[in-house]
Amino acid sequence: MLRRFGAAVAARNLGAPPTGPSELFRLVRDLPYRRPSRPDALAAIDEWCGTCSTKHGLLQRLLAASGIPSRLMIATYTYRWTATVPPPPGMAAVLADGPVPDVHNFLEVWALGAWAAVDATWPLGGERLGFSVNAAWTPGAPQPVACLAPYRAWPVPADQDPSAYKARVVRSWCGADEPRRERLIAALSEAIRDSGLA
């Protein structure tokens, strides 16, 4: 996995192959925010993109290959616009009907005797769009999670396929608002692309 990821980094002229967890975090964070054709880590590498689920699935596998334990987390919350800048037009259209129930993935990484949150969802530069971006990661230091409080989070069960498990949680949590959630994700991807961050 590390070799394949390093080759993709080199092929895109993004510098030398990553040498440590902080560099892996940076590279995964800066993948353009959009869904790859398949919800898995290899598609994220091959298509050089991801959402919260594919980015954190990829980062988890890269950290595991580096000998660093982590667990994939899932969180339920309600998305609403809280930034001081106006929302991009596509997001404003979705949010015109009110907040949107959402389901988010992030990691908890074991370091210094404790689990600490790591969130690589938004690429650097996303803060100008109003997104909460984690600029760097030091193992052992918890990061803010890219979902709004209050949220409920728990580890994805180790015996479950993460994408199938998330799909069940989305159906349960979002209910009739699932189509709005899909439009929100598309609008987020479009905002990132249109900003030049993709």
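The values are calculated or read from the model by the stated rules, or taken from the named source; none is laboratory data. Values in this document were obtained by computation on a predicted structure and should not be read as measured data. All Cβ positions, glycine included, derive from the backbone under ideal geometry; neighbour counts span all protein chains shown.
General remarks:
- Verdict on A11 being of a type in the set (G, A, S) and more than 17 Å from P162 (Cβ to Cβ): yes
- There is at least one residue in the stretch 35-44 that is among the aliphatic types (A, V, I, L, M), modelled with pLDDT of 95 or more, crowded, with 20+ Cβ neighbours inside 10 Å and within 12 Å of the chain's Cα centre (by Cα).
- Total residues in the stretch 15-31, condition surrounded by 15 or more Cβ atoms within 10 Å (Cβ to Cβ) and either in a loop (DSSP other than H, G, I, E, B) or of a type in the set (G, A, S) (or both): 4
- Residues of the stretch 45-65 satisfying the condition of being touching a residue at least 24 places away in the same chain (Cβ under 8 Å), within 22 Å of T19 (Cβ to Cβ) and not in a helix (DSSP H, G or I): W48
- Residues (among the aliphatic types (A, V, I, L, M) and more than 19 Å from the chain's Cα centre (by Cα)) located in the stretch 77-98: V85, A92, A93, V94, L95, A96
- The residue that is nearest to G175 (Cα to Cα), among those in the stretch 99-108 that are within 16 Å of the chain's Cα centre (by Cα) and among the aliphatic types (A, V, I, L, M), is V103.
- Taken together, A153, A198, A146, A191 contain a single residue that is modelled with pLDDT under 90 and touching a Cys at 6+ places or on another chain (Cβ under 9 Å), which is A198.
- Of residues in the stretch 99-108 being over 24 Å from S195 (Cβ atoms) and free of Cβ contacts under 8 Å to residues at least 60 places away in the same chain, the one surrounded by the fewest Cβ atoms within 10 Å (Cβ to Cβ): E108
- Looking across the stretch 159-198, the residues that are more than 26 Å from P86 (Cα to Cα) and without any contact (Cβ under 8 Å) to a residue 60 or more places away in the chain come down to D159, Q160, D161, A164, A167, R168, R171, S172, A176.
- Within the stretch 70-98, residues that are under 30 Å from G140 (Cβ atoms) sit with their Cβ atoms under 6 Å from residues that are among the aromatic types (F, W, Y), at 6+ positions apart or across chains, in these pairs: M73/F106; A75/Y151; T76/W173; Y77/Y151.
- Residue match in the stretch 115-131 (condition: within 15 Å of the chain's Cα centre (by Cα), surrounded by fewer than 21 Cβ atoms within 10 Å (Cβ to Cβ) and free of Cβ contacts under 8 Å to residues at least 12 places away in the same chain): yes
- Residue in the stretch 62-77 that is surrounded by fewer than 21 Cβ atoms within 10 Å (Cβ to Cβ), in contact with a Leu (Cβ under 8 Å, 6 or more places away or on another chain) and of a type in the set (G, A, S) present: yes
- Test: residue in the stretch 34-43 that is touching a residue at least 60 places away in the same chain (Cβ under 8 Å), of a type in the set (K, R), outside any loop (DSSP other than H, G, I, E, B) and in contact with a helix residue (DSSP H, G or I) (Cβ under 9 Å, 6 or more places away or on another chain): no
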